[in-house]
Amino acid sequence: MSEPLLDVRDLRTEFSTDDGIVRAVDGVSFKVEPGQVLGIVGESGSGKSVTCLTVMGLNDPKFAVSSGEVLFRGEDLLKVSKSRLREVRGNEIAMIFQDPMTSLNPVHKIGRQLAEAVVLHEDVSRKQAYARALELLKAVGIPRAERRIDDYPHQFSGGMRQRVMIAMALINNPDLIIADEPTTALDVTTQAQILALLKRLQEDFGSAVIMITHDLGVVAEVADDVIVMYAARIVERGAVRSIFNEPRHPYTWGLMGSLPRLDVNVERLYQIPGQPPSLLNPPVGCRFHPRCAFAMPVCREKDPRLEATSGDPAHEEACHLDGETKSREAAALVATLTAGAVV
Ligand code: SF4
C-alpha cells in the first residue's frame, strides 16, 4: 500500500493554564490519503481545531506541549525545524480559517495581497503574479474579477472573502488543505456555494482536504471519511456513508438528531443533554457518560477502546454498548430521520 499523505499517530497536546493542565488532544490517530476529504466533527472544545493547529505547528509553544507523531509524507512535523515547518506550511499544506478577516490585511487591495503571496512562493515578476492572482480569483468564482481585484477586503461580502481565502490557499497547489469551519460564519445559501466550490476545486486540483466542522451536514456534503471527536478523543470514525447509514456511537446519534430538518418530528429525535466536560478534569471512564442516555455502570469506570463492531473494519467506535443495541438504535434513528424525507 502506498504511504499516506498524512499519518497522525497518538497525538497529544496539553496546554498549561492558571487552573492546571488542559489535555486538548488526547491520543488521536488518523491518516489522510492523497486526494481524500476527511471531515473532523465535534462540538467546540472537542479538540478538532487543536488537532489541526498541532499538525500545522501553530500552537503557541509557550503554553502548548505536543507528543506523538505527525508524519507528512513520512517526515515528522513535530520534530522538524521552524524554517522547515514554515516551508511545508507555505508550499504543501494550506489552511483556511473561519474568519477571513483575521487572515486578510484590511489596508491592502485583494489583488496586491494575492500577488504578494504568489511572489513569496513562485519565481515570477510582479506582472505575472498579478495575472496569477486574477486567474485564481476567477477559479474561485469572483464575478467581474478584473475589477474586483482592486477592491479592499471590506468591499467584499463574507462569502466572497472566503473565496479569496480559498484562492490564497490554492496558490501553491497544496497537497493538503485544512479548512477550519470555513462556512460557519456564512448564511446557508453562501455556505452551500462555498462547499460546492471547495468540492469542485478539490477535484480539479487533487488536493486532500481536512474539513473541521461542528456540523455533520457539512461533512455529508463534502467528506469521504469522518472522524467524530468528543472531549479530546476520537469516539467514532468511518466512511461517510457508513457513519450516516449506521452511526454506532450515542454521541454521533445526538449530532445526527440535532441536524436541522423540516421534514422530521424533532421531538422523536435523540438530543444530547448537558455540556461537554472540562478538559482540566474530564470524567473517568467514558467521557461522554454524564450526557449519555445509554450509560451503564461500566461506562463510569472503564474507558471504551476504539474498535470495529459492525462488520466493517474501517468503521470504529468507542462505546461499551453491545453490537446488537448499537445496530438497533442506529436503525431506529436512521428510520426516524428518513421517515418524513421527500424522496
Ligand atoms: Fe454511552 Fe457508555 Fe457508550 Fe459511553 S460507553 S457512549 S456512556 S453507552
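The values are calculated or read from the model by the stated rules, or taken from the named source; none is laboratory data. As the structure is a computational prediction, the values presented were derived from the model and not from experiment. We place every Cβ from the backbone using ideal geometry, glycine too, and count neighbours over all the protein chains shown. We work out accessible area using only protein heavy atoms, side chains counted, and drop any ligands, DNA or RNA first. Shrake-Rupley method; radii C 1.70, N 1.55, O 1.52, S 1.80 Å.
Here are a few things to note about the model shown:
- Looking only at residues of region 291-313 that are open to solvent by less than 60 Å² (accessible area, probe 1.4 Å) and under 13 Å from Glu246 (Cα atoms), we find that the one that is farthest from the ligand (Cβ to nearest atom) is Asp312.
- Scanning region 51-87 for residues that are open to solvent by 70 Å² or more (accessible area, probe 1.4 Å) and part of a strand (DSSP E or B) returns a single hit, Val65.
- Number of positions in region 1-34 that are over 17 Å from the mean Cα position of the chain (by Cα), of a type in the set (A, V, I, L, M, F, W, C) and assigned to a strand (DSSP E or B): 3
- Failed item in (1) within 16 Å of the ligand (Cβ to nearest atom); (2) modelled with pLDDT under 90; (3) closer than 23 Å to Leu38 by Cα, with Leu255 passing the rest: (2)
- Subset of region 93-123 that is over 26 Å from Val209 (Cβ atoms) and not in a helix (DSSP H, G or I) - its residue that is most open to solvent (accessible area, probe 1.4 Å): Asp123
- Selected residue (criterion: least open to solvent (accessible area, probe 1.4 Å)) from residues of region 314-339 that are within 11 Å of the ligand (Cβ to nearest atom) and in a helix (DSSP H, G or I): Lys326
- Scanning region 213-222 turns up one or more residues that are among the hydroxyl-bearing types (Ser, Thr, Tyr), more than 15 Å from the ligand (Cβ to nearest atom) and assigned by TED's automatic domain parsing to the domain that holds Gly47.
- Filter result for Ile212 (at pLDDT 85 or above, within 20 Å of His315 (Cα to Cα) and outside any helix (DSSP H, G or I)): yes
Residue by residue, here is whether (1) open to solvent by 10 Å² or more (accessible area, probe 1.4 Å); (2) among the hydrophobic types (A, V, I, L, M, F, W, C); (3) not in a loop (DSSP other than H, G, I, E, B) holds:
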residue: Pro182; (1), (2), (3): no, no, no
residue: Thr189; (1), (2), (3): yes, no, yes
residue: Gln193; (1), (2), (3): yes, no, yes
residue: Leu255; (1), (2), (3): yes, yes, yes
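- The condition of being closer than 21 Å to Gln191 by Cα and touching a helix residue (DSSP H, G or I) at 6+ places or on another chain (Cβ under 7 Å) does not hold for Ala129.
- Filter result for Arg287 (in contact with a Gly (Cβ under 9 Å, 6 or more places away or on another chain) and within 11 Å of the ligand (Cβ to nearest atom)): no
- The lone exception for Arg233 - which of (1) within 30 Å of Asn91 (Cβ to Cβ); (2) in contact with an Asp or Glu (Cβ under 6 Å, 6 or more places away or on another chain); (3) not assigned by TED's automatic domain parsing to the domain that holds Pro174 it fails: (1)
- Test: Pro143 is on the phi < 0 side of the Ramachandran plot, crowded, with 21+ Cβ neighbours inside 10 Å and part of a loop (DSSP other than H, G, I, E, B): no
- With respect to the conditions (1) among the small types (Gly, Ala, Ser); (2) surrounded by 13 or more Cβ atoms within 10 Å (Cβ to Cβ); (3) over 25 Å from the mean Cα position of the chain (by Cα), Gly90 falls short on a single one, namely (3).
- Within region 278-294, tally of residues that are touching a Phe, Trp or Tyr at 6+ places or on another chain (Cβ under 8 Å) and among the small types (Gly, Ala, Ser): 1
- Selection status of His249, modelled with pLDDT of 95 or more, open to solvent by 30 Å² or more (accessible area, probe 1.4 Å) and within 10 Å of the ligand (Cβ to nearest atom): no
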